[in-house]
Amino acid sequence: MAVEEQLNEEEQRVYDRQIRVWGVEAQRNLSRSKVVFVGPPTGVMAEMAKNLTLAGVGAVRVADGTPMAECPAGNFLVVAEQKAREGLTAAAACVETLSAMNPMVDVATVPPPPATAEALGEYTAVVATRLSAA
């Protein structure tokens, strides 16, 4: 099977510009990747998650239980309407926004995992923000 056949027509259309830059195989590999963001959703985390989501990473997971009131400043993924909703976590708000940016990416919240190789082993990449040393 040719590498081009491993991306469907919609993926080839949406990611055409990227495919021209880094090639079909790189895009295919990206679409098979699974990234988890652990810790409070900071502005840096938001930028990284946005870029990976728009690029077409296979899955994005946000693992954090920070209440909306404690969401770090600078996170542009959390919008004013979400801040007013009772019980919504900052991670859930980020997931809503990321999902709307690229519906072809599987975006979801997950419970914060313990920082062990076993717990994080299913992910291609782990991005941690503001974790305590304790």
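Below is a table of values for the structure above.
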| item | result |
| --- | --- |
| Scope the range 33-46; condition in contact with a strand residue (DSSP E or B) (Cβ under 6 Å, 6 or more places away or on another chain) and either in a loop (DSSP other than H, G, I, E, B) or among the β-branched types (V, I, T) (or both); matching residues | V35, V36, V38, G39 |
| Residues of the range 11-20 classified as part of a helix (DSSP H, G or I) and either polar (S, T, N, Q) or open to solvent by less than 90 Å² (accessible area, probe 1.4 Å) (or both), total | 6 |
| Some residue of the range 50-65 being surrounded by fewer than 18 Cβ atoms within 10 Å (Cβ to Cβ) and among the β-branched types (V, I, T) | no |
| Residues (in contact with a strand residue (DSSP E or B) (Cβ under 9 Å, 6 or more places away or on another chain), among the hydrophobic types (A, V, I, L, M, F, W, C), part of a helix (DSSP H, G or I) and at pLDDT 85 or above) located in the range 47-71 | M48, A49, L52 |
| Positions within the range 21-45 being acidic (D, E) and surrounded by 18 or more Cβ atoms within 10 Å (Cβ to Cβ), in sequence order | none |
| Candidates G87, G74 - the one that is modelled with pLDDT of 70 or more, open to solvent by 30 Å² or more (accessible area, probe 1.4 Å) and in a loop (DSSP other than H, G, I, E, B) | G87 |
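Conditions (1) of a type in the set (S, T, N, Q); (2) touching a residue at least 60 places away in the same chain (Cβ under 8 Å), marked per residue:
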residue: L7; (1), (2): no, no
residue: D16; (1), (2): no, no
residue: V21; (1), (2): no, no
residue: S31; (1), (2): yes, no
residue: F37; (1), (2): no, yes
residue: E47; (1), (2): no, no
residue: L52; (1), (2): no, no
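The values are calculated or read from the model by the stated rules, or taken from the named source; none is laboratory data. Values in this document were obtained by computation on a predicted structure and should not be read as measured data. Neighbour counts run over all protein chains shown; Cβ positions are idealised from the backbone, glycine included. Quick note on the areas: whole protein, heavy atoms, side chains included, nothing else; ligands and nucleic acids left out. Shrake-Rupley method; radii C 1.70, N 1.55, O 1.52, S 1.80 Å.
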